[in-house]
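See structure below.
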2 protein chains.
Amino acid sequence: MRAVESFLESPEGTREEIMRATYLALCTHGYADLTVQRIGEEFPKSKSLIYHHYDGKDDLLLDFLSFMLDRFRTAMPFPDAAGPREHLEAILDYVLATPLPEDRREFTRAMVQLRAQATHDEDYRAHFTRHDRFVVDSLEAIIDRGVAAGHFRPVDAEAVAAFLLVTFNGSMLQQVTSEPTSGSAVRDELDAYLQAVLLADD
Amino acid sequence: MRAVESFLESPEGTREEIMRATYLALCTHGYADLTVQRIGEEFPKSKSLIYHHYDGKDDLLLDFLSFMLDRFRTAMPFPDAAGPREHLEAILDYVLATPLPEDRREFTRAMVQLRAQATHDEDYRAHFTRHDRFVVDSLEAIIDRGVAAGHFRPVDAEAVAAFLLVTFNGSMLQQVTSEPTSGSAVRDELDAYLQAVLLADD
């Protein structure tokens, strides 16, 4: 995740500094209690720069979400593993880690709050549609590579990817909104699914 | 769902009338724009009755969530199907219906907004923990029955149930916060998982 989160440690330029301030304020205050004023408190330069660039909290948050997605797009945050199976497993290890490390738990909490805005705000909905599409496309590409190389059975890669996305989103939602029902169960069952669907004839 | 939703058509007593008003106002306004005043507008009796019983919006909403969960508990809203496999399938057909019928979509939108409160409110978190626990226990009981009767392989029923819950919550979240990536993929892949894990040696 180094390439994705480097703006937190060494932000380059005003935009990255605003994005860093947004990230920190969002993790601290959550969506409901977030204000441009509070984002400004995490920003080392004049607050008026933020007001100059953004029309308000949601305008800034939507730009922040785009910024984060762009960073994922350009620096897919997982090692180029030995093969497609190892690549999938590295992603599952990261996304389905239980319990989440505390810093990721804070950010996940904020992301669930932002995602809930998409139930009634078209701009947030458009963002999370792009977000989900990006995750599915990325997973689909890995699965397709595995099929082409003969590592995986000739599955419907998009369907498998869409199913993985649902488990990612469900796991993320539960981790920050209820007590876990059973630690590693989701990962174990997903492994059983992938074994049966992708690898059964190996 | 008849037994669960009958309070909407023929509420019995003041509490059910308040619950009905809460349901309607929540579907119409969503969490953020909901007020006790707006719930009162859906209530046929004196609004002062609501203020008498509840300390505010969240107190009322938490009681509403308990009310809904109790109805599910006492009238598990799925037919006592021919066997455990058919019972599981009836639940999957209901929960993973795509697209959701419009009335269920409205309610799901509201539930996602309420669930997002659980990221920062202990009372909401305690409710959704009970809710998730109830779903897992119910699914686990069906799977256990299937194992005992020799219809299913001797699986870890709680782990399978916990995995199903994650797919339910992920699917619910996506249905109301992004455009669907691919209609029936989740159900199809879940069928493949259940076939491999529960039924493979049939």
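The values are calculated or read from the model by the stated rules, or taken from the named source; none is laboratory data. The shown structure was predicted, so the numbers you read here are calculated from the model rather than taken from an experiment. A quick note on method: Cβ atoms are made from the backbone with ideal geometry, for glycine too, and the neighbour counts reach across all protein chains shown. Side chains included, ligands, DNA and RNA excluded: accessible areas come from the protein's heavy atoms. Shrake-Rupley method; radii C 1.70, N 1.55, O 1.52, S 1.80 Å.
Suppose every Lys and Arg Cβ carries +1 and every Asp and Glu Cβ carries -1, with no other charges. What dipole size does segment B:1-75 come out with about its Cα centre, to the nearest 20 debye?
The calculation lands at about 100 debye.
What residues of segment B:136-171 lose no less than 50 Å² of accessible area with every protein chain in place versus their chain by itself (probe 1.4 Å, heavy atoms only)?
B:Phe163, B:Val166
What does the copy distance list look like for B:Ser66, label position 7 Å along Cα→Cβ, in nm and ordered from shortest?
Result, one decimal in nm: 4.6.
Of all accessible surface on segment A:1-75 at a 1.4 Å probe, what whole percent is carbon and sulfur?
Of the solvent-accessible surface of segment A:1-75, carbon and sulfur hold 46 percent.
I'd like the orientation of helix B:57-74 relative to chain B: the angle between its Cα long axis and the longest Cα principal axis, in ° from 0 to 90, rounded to 10.
Helix B:57-74 and the main axis of chain B meet at about 40 degrees.
With solvent modelled as a 1.4 Å probe, how much accessible area in total do chains A and B shield from it at their shared surface, in Å² to the nearest 100?
So the buried area, both faces added, is about 3700 Å².
Only loop residues by DSSP count here, and only those with at most 16 other Cβ atoms within 10 Å; note down the trypsin sites (Lys or Arg not before Pro) in segment A:11-52 that meet that.
Filter output for segment A:11-52: A:Lys45, A:Lys47.
Suppose R0 equals 22 Å; then what is the FRET efficiency for A:Arg153 and B:Arg145 from their Cβ-Cβ distance, rounded to the nearest 0.05?
Once rounded, the FRET efficiency stands at 0.10.
For A:Asp93 and A:Ala196 in the same chain, what is the full-extension length gain: residue separation times 0.36 nm, less their Cα-Cα distance, in nm?
35.2 nm
Measuring from the lowest to the highest alpha carbon on each principal axis, how far does the protein assembly as shown reach, largest first, in angstroms?
On the principal axes, the protein assembly as shown reaches 69, 66, 31 Å in Cα extent.
For segment B:80-202, what % of the accessible area comes from carbon and sulfur atoms, probe 1.4 Å?
50
Want the number for A:Arg133 to A:Thr28: 0.36 nm per residue separation, take away the alpha-carbon distance, what's left? Write down the numbers at each step before the final one.
Working: separation 105, 0.36 × 105 = 37.80 nm, distance 2.84 nm.
Full extension from A:Arg133 to A:Thr28 adds 35.0 nm.
Compute the length gained on full extension between A:Glu86 and A:Glu122: take 0.36 nm times their separation in residues and subtract their Cα-Cα distance, giving the result in nm to one decimal.
Extra length from A:Glu86 to A:Glu122 when fully extended: 9.3 nm.
On average, how much area does the Cα convex hull of chain A cover when viewed from any direction, in nm²?
Mean projected area of the Cα convex hull: 12.1 nm².
Rounded to the nearest whole Å², what accessible area per residue is found for segment B:80-202 with the 1.4 Å probe?
About 40 Å² of surface per residue is accessible.
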